[in-house]
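Novice: Below: one structure in structure tokens.
Every number in this text was worked out from the coordinates using simple rules, so none of it is lab data. Predicted, not measured: the structure shown is a model, and the values here were computed from it. Reconstructed Cβ throughout: ideal geometry from the backbone, glycine too, with neighbour counts over all protein chains shown.
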Amino acid sequence: MPKLAVIAGDGIGPEVISEALKVLDIIEPIYRPGVELEMLPYGADHYLATGETISPAEMRRLGEEFDAILVGALGDPRVPGNEHARDILLGMRFQLDLYVNERPARLFDERLTPLKEKTTGDIDLVIFRENTEGLYAGIGGAFKRGLPDEITIAEEINTRRGVERIIRYAFHWARENGREHVTMADKANAIPAHMLWRRLFDEIGKEEFPDIHRETRYIDAMAMELVRNPEQFQVIVTGNLFGDILSDLASAIVGGLGLAPSANRHPGFVSMFEPVHGSAPPMAKKDIANPMAAILSMGMMLRTVGSPEAALMVERAIRAAIVEDRVTRDLGGDYGTREVGDWIAEWIRKA
Ligand code: NAD
Ligand code: IPM
Ligand code: MN
């Protein structure tokens with residue numbers, strides 16, 4: 001029985017997670033993935049009430065007792081320093097060493113892309129974002145805070161082990177999933193440390209994946225190309241910050257953040273699934289958030305814990321809802337969050 005921890009989190013997090021669990025509920029008796037749920041309270045409310053973000057013991061338990069974790073979103077205006085989100089969300093990524101952040105961007109329906117006649121409609125790419133180091137490592141600090149000569153420093157960490165494993169994962173994924181082409185994005189022309197990425201990408205590609213075509217881009221040109229001609233990309237591998245930015249951009253060309261799921265992985269260990277979007281505080285408690293990113297993230301979870309048919313059904317249901325305009329306002333519809341979840345659950349039940 002796969003064990004799933006659920007952290008609904010802040011803002012629209014609880015609303016979209018509630019729809020993902022509604023769909024999981026419908027799936028359970030049909031496909032019998034046998035997922036056993038445990039709801040965890042972590043988020044801004046819990047932090048403000050108790051002073052606890054997440055304890056080291058609980059973080060260990062997530063790694064030891066669970067197969068998967070489903071997260072809504074973390075971020076709340078009442079916690080302007082965002083320390084709870086760093087402890088919980090980045091805490092899971094770093095401490096559970098979930099070094100692969102897999103962020104697919106697939107165009108479900110041509111009407112969803114703002115590129116319109118500029119695209120053939122064949123957008124189907126996956127970003128593999130390094131998830132445990134880079135500029136997110138938290139190395140640095142502030143000095144003379146508030147004074148005229150205040151200094152803040154953030155160091156970017158690129159370890160050979162860290163860069164190698166994400167590059168190898170991206171190549172490997174491409175081969176296993178019938179893709180021929182991997183693109184690596186860096187900024188080696190301005191940041192010499194990024195030569196490590198170029199060197200390792202070439203070495204690993206040449207020695208271990210000669211069957212996969214490889215290409216390197218500078219991140220600025222990559223962002224431009226992603227808008228100009230996104231069909232050319234199949235698999236993109238990049239560092240932590242660039243991957244964060246590119247994945248929001250990639251979501252925008254296929255319908256927006258409301259549709260973008262992600263998986264945080266360490267092969268053979270617990271995986272964490274979450275929408276790419278945040279807690280969107282102004283949208284919270286209005287029943288207007290798009291639950292599809294959360295539902296698709298739950299689908300990625302199902303595939304990972306051994307229920308690929310159920311995962312496929314989730315994707316087909318999302319596509320059907322889009323084609324039939326059973327969508328929230330971000331996609332041009334007038335359905336509420338709960339109505340979209342109901343419709344998708346009912347479609348799966350009938351199918
Ligand atoms: P956001 O992703 O919350 O929202 C950005 C924009 O996308 C907003 O205009 C919002 O209206 C729209 N949007 C997002 N999700 C949507 C959905 N499901 N349906 C329809 N529209 C949606 O990003 P932000 O405003 O920069 O950040 C808000 C908070 O969320 C911050 O505290 C931030 O740190 C946090 N955040 C958390 C995560 C996470 O938990 N994984 C990710 C990103 C941002
Ligand atoms: C994401 C988010 C997080 C990140 C924030 C909330 C720390 O933007 O998951 O994309 O930067 O990784
Ligand atoms: Mn982001």
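Novice: What does the highest-first list of 63-76, 197-210 look like by mean Cβ count within 10 Å?
Specialist: Answer by packing, highest mean first, reads 63-76, 197-210.
Novice: Identify, among 291, 184, 82, the residue whose Cα sits farthest towards the positive end of the charge dipole of the chain, taking +1 on the Cβ of Lys and Arg and -1 on the Cβ of Asp and Glu, with the dipole about the Cα centre.
Specialist: Value computed over the given set: 184.
Novice: Sticking with this one: Between residue 346 and residue 211, what is 0.36 nm times their sequence separation minus the Cα-Cα distance? Round to one decimal in nm.
Specialist: The residue 346-residue 211 span can extend by a further 44.3 nm.
Novice: Could you state the per residue volume, in Å³, of the convex hull enclosing the Cα atoms of segment 204-351?
Specialist: Output value, Cα hull per residue: 157 Å³.
Novice: Using a 7 Å offset from the Cα along the Cα-to-Cβ direction at both residue 229 and residue 82, what is the distance between the two label points in nm, to one decimal?
Specialist: Here the answer is 3.4 nm between the modelled labels.
Novice: Then there is this: Which FRET efficiency value, to the nearest 0.05, is calculated for residue 161 and residue 329 with the Förster distance at 45 angstrom and r the Cβ-Cβ distance?
Specialist: The value I calculate is 0.50.
Novice: Would you mind checking the pairs 3/350; 116/350; 116/206; 118/286 and listing those with alpha carbons more than 30 angstrom apart?
Specialist: Exceeds cut-off: 116/350; 116/206; 118/286.
Novice: Relative to the compact globular guide of 2.2 N^0.38 Å, what is the alpha carbon radius of gyration of segment 113-263, as a ratio?
Specialist: Cα Rg divided by the expected 2.2 N^0.38 Å: 1.15.
Novice: Once both labels are modelled 7 Å past Cα along the beta-carbon direction, what's the residue 45-residue 285 spacing in nm?
Specialist: Output for this residue pair reads 1.0 nm.
Novice: May I pose another question? Which value, in debye to the nearest 20, describes the size of the charge dipole of the chain about its Cα centre when Lys and Arg Cβ atoms bear +1, Asp and Glu Cβ atoms bear -1, and nothing else is charged?
Specialist: 300
Novice: Need one number: nm distance between label points at residue 309 and residue 195, each 7 Å from Cα along Cα→Cβ, rounded to one decimal.
Specialist: 5.5
Novice: At 0.36 nm per residue, minus the direct Cα-Cα distance, what do residue 120 and residue 145 gain on full extension? Give it in nm, one decimal, please.
Specialist: Here the segment from residue 120 to residue 145 would lengthen by 3.9 nm.
Novice: Could you give the dipole magnitude of segment 42-151 about its Cα centre, charging the beta-carbon of Lys and Arg +1 and that of Asp and Glu -1, in debye to the nearest 20?
Specialist: Here segment 42-151 has a charge dipole of around 320 debye.
Novice: On to the next question. Where in segment 10-30 is the amide nitrogen less than 20 Å from a point lying 7 Å along the Cα-to-Cβ axis of residue 320?
Specialist: 19-30
Novice: Could you tell me the calculated FRET efficiency between residue 249 and residue 154, based on Cβ-Cβ distance and R0 = 25 angstrom, to the nearest 0.05?
Specialist: 0.70
Novice: Averaging over all projection directions, find the projected area of the Cα convex hull of the chain and quote it in nm² with one decimal place.
Specialist: Mean projected area for the chain: 18.6 nm², to one decimal.
Novice: Any chance you could tell me what percent of the C-alpha pair distances in segment 1-57 go past 14 Å?
Specialist: 63
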